[in-house]
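Let me begin by presenting the structure, written as structure tokens, before commenting on it.
Read the figures in this text as sums done on the coordinates, not as results from a lab. Predicted model only: the values in this text are computed from it and were never measured. In this analysis, Cβ positions are derived from the backbone assuming ideal geometry, glycine residues included, and neighbour counts consider all displayed protein chains.
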Amino acid sequence: MRLPRNPMRASSVTTSLLLAAALAGCAGSDVPPGTSSDTVYVDLPQRQTTVSGIVYDPEVFFFSSKTFPSFPPPEGEEPFPPPPDALFDGTPYLTRAAALGAKVSVLDGDTVVSSSDPAAFNGSWQVTGVPTSDTIEYQVRAEPPAEGLVLGAPDIFSEPDYLPVPVAKYYPTTTLRPIVASTTSCQTQVATVAGEAGALGAVANLRTRSGTPTTPSSLVSGSGGVVLVWTYAPSMVLYFFTSPADGIAAETNQGTLYPIDWDLPSKQLPGQTAMGFVAKNPGGISSMGYYALVLPKGSTEPVSLTFTDTVTTPEGEEPGPGGPRPWLAPSFTGRVGPGVSVLRLHNESSMPPPPEDPYAEPTPPPDMSWLCMKW
């Protein structure tokens, strides 16, 4: 009678044969013991992130939205609504404000990590080779080409339907928004440029009229930095909608804060720039949520900016798209270097979120890591 095989014993025999073969192979090898790991294990290259987005002039964007013409609709049809104040590719305001040819660099403090090629016709740019990190807070800086930066797409948006965008000198401009490149790709990042036909020229004009002769160039070089601060209404989609917020008061821990207003350039108001911007004396409130902060020369301490919504929606009145006011106003604290910087901030709606449906299927939150946002 044949006895049943012992599976444990068969396994032991097989293991012994494999081990013996392995030892025999090692014995006949020319590779000295202990050196094989040097050829098998190598240091991997540092992970890198690609950062991409648009570069534009927020002042030209605003100017374009305020002066956009209304065209009569075909007979019997409703009037065309104006385009939204949004940073969407193809929006006429963004097309006019796109900084063609500007070069965008990613900064780690004052160090340039990597730079882009000149921006495309729609303001798009891409920077490769940025070290991936969960802790480094990068910023972007846009520099105009040596021959100067001209905005406005005059071949598309020509007179007499469209007011021309004034030609002006532009400055290297840092956008004060931390980028945490913790993933392989940071998309839809916003870089900005600032020129002399906007708030820089308006503040220089105000100071000159007040007895201190000032040019935009001397304003920038003679200060510890100029920060142009936009506060926007709550955005319907991320931070892409840029509707100016009226009634937002601002305070700073240092420097001089000038409220900035705007009117049609044809008004020729005292101190008004060619693009229609006007600076008011410190202490007031901007009608469009726009301020210029001029820091003292040699300033090194962090800048703190706080904002307060001074508007209250009357009881019973239908609130606007941003919800009832006052909104939850933003704040900023951070290091600001010399030169020109732009800070874009959005108010938040004070409406409570809708109640959760207890019967809804649980779903994971969407992956928003590609935004690389800290706040």
Put +1 on the Cβ of every Lys and Arg and -1 on every Asp and Glu Cβ in the chain; which of 162, 131, 270 then has its Cα farthest towards the positive end of the dipole? 131
Per residue, the convex hull enclosing the alpha carbons of the range 87-212 has a volume in Å³ of 137
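Is the range 178-333 best put as rounded, prolate or oblate by its Cα gyration tensor, with a ≥ b ≥ c the root eigenvalues, rounded for a/c under 1.5, and otherwise prolate when a/b is larger than b/c, oblate when not? Write down the numbers at each step before the final one.
Details: a/c = 1.69, a/b = 1.23, b/c = 1.38.
Oblate, because a/c is 1.5 or more while a/b does not exceed b/c.
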Distance in Å, no decimals, from the C-alpha centre of the range 291-315 to the one of the range 113-151 is 27
Rounded to 0.05, the calculated FRET efficiency for the beta carbons of residue 281 and residue 348 at R₀ = 30 Å is 0.55
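Would you mind putting 345-355, 302-312 in packing order, based on average other-beta-carbon counts within 10 Å, highest first? Each step should come with its number before you reach the end.
Details: 345-355: 13.9, 302-312: 16.0.
Ranked from most to least packed, the peptides come out as 302-312, 345-355.
Using Stokes-Einstein with the Kirkwood hydrodynamic radius over Cα pairs, what translational diffusion coefficient do you get for the chain at 4 °C and a viscosity of 1.567 mPa s, in µm²/s rounded to a whole number? Can you show the working numbers first?
On the way: Rh = 24.2 Å.
My calculation gives 54 µm²/s for D.
Using the Cα centre of the chain as the reference point, and only Cβ charges (+1 on K/R, -1 on D/E), how large is the resulting charge dipole? Debye, rounded to the nearest 20.
Numbers: 19 positive and 35 negative charges, 259 e Å.
My answer is approximately 1240 debye.
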Search the structure for amide H atoms under 5 Å from the amide H of residue 342, placed 1.01 Å from N in the peptide plane, and list their residues when 5 or more places away or on another chain. 174, 175, 176, 228
Projected onto the charge dipole of the range 246-371 (+1 at Lys/Arg Cβ, -1 at Asp/Glu Cβ, origin at the Cα centre), which of 316, 298, 331 gives the Cα projection farthest towards the positive end? 298
To the nearest 20 Debye, how big is the dipole of the range 102-201 about its Cα centre, given +1 on the beta carbon of each Lys and Arg and -1 on that of each Asp and Glu? 140
Any idea how far apart residue 120 and residue 315 come out in nm if each label point goes 7 Å out from Cα toward Cβ? 5.4
Given a Förster distance of 35 angstrom, what is the FRET efficiency for residue 239 paired with residue 209, based on the Cβ-Cβ distance and rounded to 0.05? 0.50
So what's the back-of-envelope 222 nm ellipticity for the chain, counting only DSSP H runs of four-plus at -39500 (n - 2.57) apiece and dividing by all residues, rounded to 500? -4500 deg cm²/dmol
Tell me which residues come under 5 Å, amide H to amide H, from residue 185 once H is placed; ignore anything under 5 positions away on its chain. 50
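Which order do peptides 333-344, 236-247, 52-63, 261-272 fall in by mean Cβ count within 10 Å, highest first?
On the way: 333-344: 19.2, 236-247: 17.4, 52-63: 25.4, 261-272: 14.8.
The most tightly packed comes first, giving 52-63, 333-344, 236-247, 261-272.
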If N is the number of residues in the range 182-230, what value comes out of its Cα radius of gyration divided by 2.2 N^0.38 Å? 1.61
Rounded to whole Hz and in sequence order, give me ³J(HN,Hα) for the range 317-323 from the Karplus expression 6.51 cos²θ - 1.76 cosθ + 1.60, θ = phi - 60°, writing x for Gly and Pro. 7, 5, x, x, x, x, x
Rule-of-thumb Rg ratio for the range 145-253 [Cα; 2.2 N^0.38 Å; N residues]: 1.32
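With the Cα gyration tensor of the range 334-373 giving a ≥ b ≥ c as the square roots of its eigenvalues, does the rule (a/c under 1.5 for rounded; else a/b larger than b/c for prolate; else oblate) give rounded, prolate or oblate?
Numbers: a/c = 5.70, a/b = 2.21, b/c = 2.58.
Because a/c hits 1.5 or more and a/b fails to exceed b/c, the range 334-373 counts as oblate.
Compute the length gained on full extension between residue 159 and residue 361: take 0.36 nm times their separation in residues and subtract their Cα-Cα distance, giving the result in nm to one decimal.
67.2 nm
Nearest 20 debye, what's the magnitude of the dipole of the range 292-375 about its Cα centre given +1 on Lys and Arg Cβ and -1 on Asp and Glu Cβ?
Details: 5 positive and 10 negative charges, 165 e Å.
So the magnitude is around 800 debye.
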Here is the link list: 103/267; 103/169; 103/297. Which ones come out longer than 23 Å on Cα distance? 103/267; 103/297
Output wanted: per-residue J couplings in Hz (rounded whole) for the range 365-372, from phi through Karplus 6.51 cos²θ - 1.76 cosθ + 1.60, θ = phi - 60°, x for Gly and Pro. x, x, 7, 10, 5, 5, 6, 6
Nearest-0.05 FRET efficiency for residue 42 and residue 128 at R0 = 25 Å, using Cβ-Cβ distance, is 0.65
